[in-house]
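The structure appears below as structure tokens.
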Amino acid sequence: MAEAPIAVVIGGTSGIGRAIALRFAEDGYQMVVAGRDAERGKETAGACEREGAPRALFVQTDVGDPSSVEALARTVGDDLGTPRVVVNCAGILQSGKHVLDQDLDEDEKMWRINYRGTLLGCQVFGRLMSAAGRGAILNVGSLASFAPLSLPAYTPGKHAVLALTQMLAAELGPRGVRVNAVAPGYTLSDGLKAKIAKGERNPEAIQATTALRRFVEPRDVAEAVLFLCSDRAASITGVTLPVDAGWLVQAPYAQYLQGNPIRQTRAI
């Protein structure tokens, strides 16, 4: 009997990353959960085994430290083998502000974690997968990969993740490795739930900005990731797939309607 494939989820200790890890576990993958928080990481690894993973382990990893990401790749390669799937989900958020007010220390930290952390994951595991001649890398972008959101350190970094995904798809495709990304919309994670509970976010107003008038669930993102990393997507590489309940189409459509309302005409 063939050994179960290996999936590595970097940033898999909570939120979307945790949902992705659990979804791959349901499909019988051996799981590696990587992140900074050991308590949450070990809990997620245990949950993966309960969901069906034949083996799951947590490896403490800081994507802001290149040596930590390299150590993760060595641990996975030595203990389990070359992974079939690697998901780069680690990232941090920022509050809205103007470009002219962007603090440079915050800017450096956002790029170090969100962009360079993703780059490092792609590099160290891309080498392993290229040598094996197979694999799928999945990066987590954002609506900010497509739209100029007022997050002057976060938005450019997520634009860069989209470009990185496209470049790697071209470079690694001849070696049998596919590279794609997802761009989640307003996702009903624990963090967003907490902000709603505190009155810091208006759930009705957020849902009104989407075509489907709903939040994205972490599981929705996980299902898209599973598809893009599976053989069902064997001919798909270099794409960044929005999982946004239609936010990217609703926003310009609604804005256009404000100045150009549709007037009902009588049928002839």
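The values are calculated or read from the model by the stated rules, or taken from the named source; none is laboratory data. As the structure is a prediction and not an experimental result, all values here were calculated from the model. We place every Cβ from the backbone using ideal geometry, glycine too, and count neighbours over all the protein chains shown.
Computed values, structure above
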read-out	value
Count of the stretch 19-73 residues which are within 19 Å of Cys229 (Cβ to Cβ) and basic (Lys, Arg)	2
Matching entry among Tyr186, Tyr154 (being in contact with a helix residue (DSSP H, G or I) (Cβ under 7 Å, 6 or more places away or on another chain), buried (at least 20 other Cβ atoms within 10 Å of the Cβ) and either farther than 22 Å from Ile92 by Cα or touching a residue at least 24 places away in the same chain (Cβ under 8 Å) (or both))	Tyr154
Unmet requirement for Arg201, which otherwise passes all of (1) free of Cβ contacts under 8 Å to residues at least 12 places away in the same chain; (2) over 21 Å from Phe24 (Cβ atoms); (3) assigned to a helix (DSSP H, G or I); (4) of a type in the set (D, E, K, R)	(3)
Any chance Arg178 is closer than 23 Å to Thr75 by Cα, surrounded by fewer than 20 Cβ atoms within 10 Å (Cβ to Cβ) and touching a residue at least 24 places away in the same chain (Cβ under 8 Å)	no
Odd one out for Gly121, checked against (1) touching a residue at least 60 places away in the same chain (Cβ under 8 Å); (2) buried (at least 24 other Cβ atoms within 10 Å of the Cβ); (3) within 20 Å of Glu223 (Cα to Cα); (4) not β-branched (Val, Ile, Thr)	(3)
Test result for Val161, more than 24 Å from Ala131 (Cα to Cα) and surrounded by 16 or more Cβ atoms within 10 Å (Cβ to Cβ)	no
Index of the failed condition, Thr237 passing every other in (1) among the hydroxyl-bearing types (Ser, Thr, Tyr); (2) at pLDDT 95 or above; (3) loosely packed, with under 15 Cβ neighbours inside 10 Å	(3)
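Yes or no, residue by residue, for (1) of a type in the set (D, E, K, R); (2) closer than 26 Å to Val85 by Cβ:
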| site | (1), (2) |
| --- | --- |
| Asn180 | no, yes |
| Pro184 | no, yes |
| Ser189 | no, yes |
| Glu204 | yes, no |
| Val225 | no, yes |
| Val239 | no, yes |
| Val249 | no, no |
| Tyr256 | no, no |
| Gln264 | no, no |
